1. From the list 51, 104, 22, which one is in contact (Cβ under 8 Å) with a residue 60 or more places away in the chain, over 15 Å from the mean Cα position of the chain (by Cα) and in a helix (DSSP H, G or I)?
2. Assess whether residue 31 counts as being outside any loop (DSSP other than H, G, I, E, B), surrounded by fewer than 13 Cβ atoms within 10 Å (Cβ to Cβ) and modelled with pLDDT of 95 or more.
3. Got a sec? Which of 7, 78, 58, 40 is surrounded by fewer than 15 Cβ atoms within 10 Å (Cβ to Cβ) and under 27 Å from residue 104 (Cβ atoms)?
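The values are calculated or read from the model by the stated rules, or taken from the named source; none is laboratory data. What you see is a predicted model, and the numbers here were worked out from it, not measured in a lab. For neighbour counting, all protein chains shown are included, and Cβ atoms are generated from backbone atoms with ideal geometry for every residue, glycine included.
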């Protein structure tokens, strides 16, 4: 169950990065809306990370949490914000995913 909580926490990390990206291209009330979304996503992500670390090793949990956030944010950048796609970028992204799966298998 704590791995599931950790994955959800990582997805909320992607959410707060997405909100920051949207706020960057917004002005006025719309920007405030995205910043509010950032704060809510950040809070939920941190609370879920805290809950997951109650039974998972902190080093593993933090690495997986940041890894999910990094992978998700790069994919959102490519799909939503039209960031460039290069072979090496995808190659290293895939090595990160393999590392995260590896951490899951070698951890309690």
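1. 104
2. no
3. Exactly one residue qualifies, and that residue is 58.
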